[in-house]
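Every read-out reported here was derived from the displayed coordinates using simple, explicitly stated rules and does not represent laboratory data. Note that the coordinates shown come from a computational prediction; the quantities given were computed from them, not determined experimentally. Heads up, the Cβs are rebuilt from the backbone with ideal geometry, glycines too, and the neighbour counts pull from every protein chain shown.
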Amino acid sequence: MVGRGWLGVLPFAGAGFMVEMASTNTILQTITEEHLRGRVMAFYTLAFLGTAPIGSLLAGVIANRIGAPATIVAGGVACMAGGAWLATRLASLRQLVRPIYIERGILSASPPAEGR
């Protein structure tokens, strides 16, 4: 069976998913103003969970045309490319979020250390 070889990857994928969800929720809730937090989290939930059926439909159509294994590989490549793209933008995102965290007292106003 081809699927058994990938069983060792599943715990890492699940852990990565849990870390991503916790990080996203933490960042969204800390940078959002108090009176808008419920609306922002509702929109986030809608955007994240509400688009899953569309992605499943798209994956089904692609799998019907090129096969399920190739679809999974293509999805993995797309996720890795998205992660690499995000990694190149991380410094600019930190610059945007840092003033908000300083204003809310989450971070100190001292300049960030080099390389962070």
Checklist entry - What is the spin-label model distance, in nm, from Val40 to Glu20 if the labels are put 7 Å beyond Cα along the C-beta direction? => result 2.1 nm
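How large is Rg/Rh for the chain, to two decimals, with Cα atoms and a Kirkwood Rh? Don't jump to the answer; show the numbers that get you there.
Working: Rg = 18.5 Å, Rh = 17.5 Å.
Result for the chain is an Rg/Rh of 1.06.
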Checklist entry - Regarding segment 8-50, what is the average projected area of its C-alpha convex hull, in nm²? => result 3.2 nm²
Checklist entry - Taking a label point 7 Å from the Cα of Tyr101 along the Cα→Cβ vector, which residues of segment 1-44 have an amide N closer than 15 Å to it? => result 23-32
Checklist entry - When the scattering of segment 37-95 is computed by the Debye formula from its Cα atoms alone, each counted once and equally, what is log10 I(q)/I(0) at q = 0.17, 0.18, 0.30 Å⁻¹? => result -0.80, -0.85, -1.04
Checklist entry - Using the alpha-carbon atoms, what tilt in degrees (0 to 90, nearest 10) does helix 10-31 show relative to the longest principal axis of the chain? => result 30 degrees
